[in-house]
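Here is the structure we will look at, set down as structure tokens.
The values are calculated or read from the model by the stated rules, or taken from the named source; none is laboratory data. Because the structure is a prediction, the values reported are computed rather than measured. As a convention, Cβ positions derive from the backbone with ideal geometry for all residues, glycine included, and neighbour counts pool all protein chains shown.
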């Protein structure tokens, strides 16, 4: 098992990419703190992991809030004694629309969940990782931060910030043996897909698939496998990497 006896925290793990990451990590031997703002979703995934013989605990967490993030990390330390891996996966977007039509409330929400959450996560995760002699952080960024497209300007900006923060954290924390990387998925079969496409019709899906050289959207398993690699000891010499999981879309 690639994560045997590791302790992992995965945010946004109640569905979509996060569920895929949490369940694969558990299957590879990790004990998982399943965190999501949707407590019912987090409990469902934690129960699924337990039913399959894994170890998991669910935590309700708004990653944009200091106290929630502190409680999430505290739960990992109290239940399992350490935190080896943090996956900052939770994310939101605004609707695909002209940049001037996005509301201030939607802008603030995107920046809080996609960017400020990284600040709170580092504040509460880096100290215990330093004390234990190292760890791994993997952030879920997006192809939007590498190859932005019209209609998602502020989401693009938030994911660009995620990629830059990943690289900056990687260089600052390298001497602490804390590796920091990110995955950059193309849009996939998650609840955010209609917002990315500006709707959900067969025509819109076909148009989007046509923009991906390998001819399909991403899946939670695609993202989970890439995240697993970066979190595992197989990637022990990788830090500051923005790994495109995109079927060639960023080429």
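The residues listed here are 12, 20; of these, the one that is on the phi > 0 side of the Ramachandran plot, in contact with a helix residue (DSSP H, G or I) (Cβ under 8 Å, 6 or more places away or on another chain) and buried (at least 20 other Cβ atoms within 10 Å of the Cβ) is 12. Taking segment 137-156 as the search range and keeping residues that are free of Cβ contacts under 8 Å to residues at least 60 places away in the same chain, under 16 Å from the mean Cα position of the chain (by Cα) and not in a loop (DSSP other than H, G, I, E, B), which one is surrounded by the fewest Cβ atoms within 10 Å (Cβ to Cβ)? Among residues in segment 137-156 that are free of Cβ contacts under 8 Å to residues at least 60 places away in the same chain, under 16 Å from the mean Cα position of the chain (by Cα) and not in a loop (DSSP other than H, G, I, E, B), the one surrounded by the fewest Cβ atoms within 10 Å (Cβ to Cβ) is 156. Condition first: free of Cβ contacts under 8 Å to residues at least 60 places away in the same chain and assigned to a loop (DSSP other than H, G, I, E, B). Can you find one or more residues in segment 117-136 that meet it? Scanning segment 117-136 turns up at least one residue that is free of Cβ contacts under 8 Å to residues at least 60 places away in the same chain and assigned to a loop (DSSP other than H, G, I, E, B). Among the residues of segment 239-251, those identified as farther than 14 Å from residue 139 by Cα and touching a strand residue (DSSP E or B) at 6+ places or on another chain (Cβ under 8 Å) are 246, 247, 250. May I ask you to list the residues in segment 35-49 that are closer than 17 Å to residue 191 by Cβ and over 12 Å from the mean Cα position of the chain (by Cα)? Within segment 35-49, 37, 38, 39, 40, 41, 42, 44, 45 qualify.
On the stretch given as segment 164-190, residues that are surrounded by 21 or more Cβ atoms within 10 Å (Cβ to Cβ), at pLDDT 95 or above and under 16 Å from the mean Cα position of the chain (by Cα) total 10. Residue 213: in a loop (DSSP other than H, G, I, E, B) and under 18 Å from residue 92 (Cα atoms), yes or no? So residue 213 does not fit the description; no.
Scanning segment 78-108 for residues that are part of a helix (DSSP H, G or I) and either modelled with pLDDT under 95 or surrounded by fewer than 17 Cβ atoms within 10 Å (Cβ to Cβ) (or both) turns up 78, 79, 99, 100, 101, 104, 105, 108.
Here segment 90-104 is the region considered, the condition is being more than 12 Å from residue 37 (Cα to Cα) and touching a residue at least 40 places away in the same chain (Cβ under 8 Å), and the residue that is nearest to the chain's Cα centre (by Cα) is 93. For segment 218-248, filtering for residues that are crowded, with 16+ Cβ neighbours inside 10 Å and on the phi > 0 side of the Ramachandran plot leaves 2.
What about residue 3, is it in contact with a helix residue (DSSP H, G or I) (Cβ under 8 Å, 6 or more places away or on another chain), surrounded by fewer than 24 Cβ atoms within 10 Å (Cβ to Cβ) and part of a loop (DSSP other than H, G, I, E, B)? Here the answer is yes, as residue 3 does meet what is asked. Somewhere in segment 194-202, is a residue part of a helix (DSSP H, G or I), in contact with a strand residue (DSSP E or B) (Cβ under 7 Å, 6 or more places away or on another chain) and surrounded by 15 or more Cβ atoms within 10 Å (Cβ to Cβ)? No. Picking from residues in segment 59-77 that are outside any helix (DSSP H, G or I) and buried (at least 24 other Cβ atoms within 10 Å of the Cβ), the one that is nearest to the chain's Cα centre (by Cα) is 63.
The listed residues are 173, 221, 230, and the only one of them that is in a helix (DSSP H, G or I), touching a strand residue (DSSP E or B) at 6+ places or on another chain (Cβ under 8 Å) and under 19 Å from residue 30 (Cβ atoms) turns out to be 230.
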